[in-house]
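Structure, as structure tokens:
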């Protein structure tokens, strides 16, 4: 595995492999790798000739009161883990490498962002699509891999690829979980022992809703109340949101039918956790 820090070098490497007819799988991350990231990498390894992973904590997607400075980082460990799963190139640029100048053009996401996390994280997805556009031009992947833990991000990336005609296949990979059901996340390290025990209830509350729907419940308010009551009785966290939409369009539900997402966020003392389920309803 080679570690690359220069945008010119990663672009030159990608172009060389493309000219040789090799397929490139790309796994963009913010580092502090866990099994979720590694599962994306393993998927990419199985289906591409070359696998490139990026590690870049993108300042544009952090709000004024969010954890950019304290976001967990461990590059030495990340390099070892990436090497272990067969990454060919690890692209680790500096902020100055990705944003060398004040931008003359600003990207703004219009749809799929006024719900779920996007509703309270103004500008977050603008930062996501900005950095991904830069990375897509540098890496020129055939396929890009994202986890469905952040299903809204997958939806926004789907729009980015479609709207800008990127010749890239988006591969959405199921959420990777701990043995007790908690979604793997770099921010789980912020949980204290009691909160870590309570955090499993996020997925359990969604499973309660899923069973209710499978048993015929179609009243959205009742389904959301089931989740809310479960979380309030089992966790000390503050519920940020519990919402249901069509997926991946994230349009409001007129009826509970077709492909839907139920997403939630809970704020603990030092960590805001998200989770979701995606269901197909006949």
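The values are calculated or read from the model by the stated rules, or taken from the named source; none is laboratory data. Being a predicted model, the structure only gives us computed values, none of them experimental. Note that each Cβ is placed from the backbone with ideal geometry, even for glycine, and that neighbours are counted across all protein chains shown.
Conditions (1) out of contact with any strand residue (DSSP E or B) (no Cβ under 8 Å at 6 or more places or on another chain); (2) at pLDDT below 95; (3) more than 24 Å from residue 280 (Cβ to Cβ), marked per residue:
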| residue | (1), (2), (3) |
| --- | --- |
| 193 | yes, no, yes |
| 197 | yes, no, yes |
| 203 | no, no, no |
| 208 | yes, no, no |
| 211 | yes, no, no |
| 218 | yes, no, no |
| 221 | yes, no, no |
| 226 | yes, no, no |
Cβ pairs under 8 Å, 6+ apart or interchain, first in the stretch 221-238 and free of Cβ contacts under 8 Å to residues at least 12 places away in the same chain, second surrounded by 12 or more Cβ atoms within 10 Å (Cβ to Cβ) and not in a helix (DSSP H, G or I), ordered by first then second residue, are 232/239
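Suppose we filter 277, 213, 242 for residues that are within 29 Å of residue 68 (Cα to Cα), buried (at least 17 other Cβ atoms within 10 Å of the Cβ) and touching a residue at least 60 places away in the same chain (Cβ under 8 Å); which single one remains?
Just one listed residue meets the conditions, 277.
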Considering the stretch 1-36, residues that are part of a helix (DSSP H, G or I) and modelled with pLDDT under 95, and then whichever is surrounded by the fewest Cβ atoms within 10 Å (Cβ to Cβ), we arrive at 35
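Taking residue 160 as the residue in question, decide whether it is free of Cβ contacts under 8 Å to residues at least 60 places away in the same chain, surrounded by fewer than 19 Cβ atoms within 10 Å (Cβ to Cβ) and closer than 21 Å to residue 11 by Cα. Write out each step before concluding.
Working: free of Cβ contacts under 8 Å to residues at least 60 places away in the same chain: yes; surrounded by fewer than 19 Cβ atoms within 10 Å (Cβ to Cβ): no; closer than 21 Å to residue 11 by Cα: yes.
So residue 160 does not fit the description; no.
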Residue hits (the stretch 100-131; free of Cβ contacts under 8 Å to residues at least 40 places away in the same chain and assigned to a loop (DSSP other than H, G, I, E, B)) are 100, 101, 102, 103, 104, 105, 106, 107, 108, 110, 114
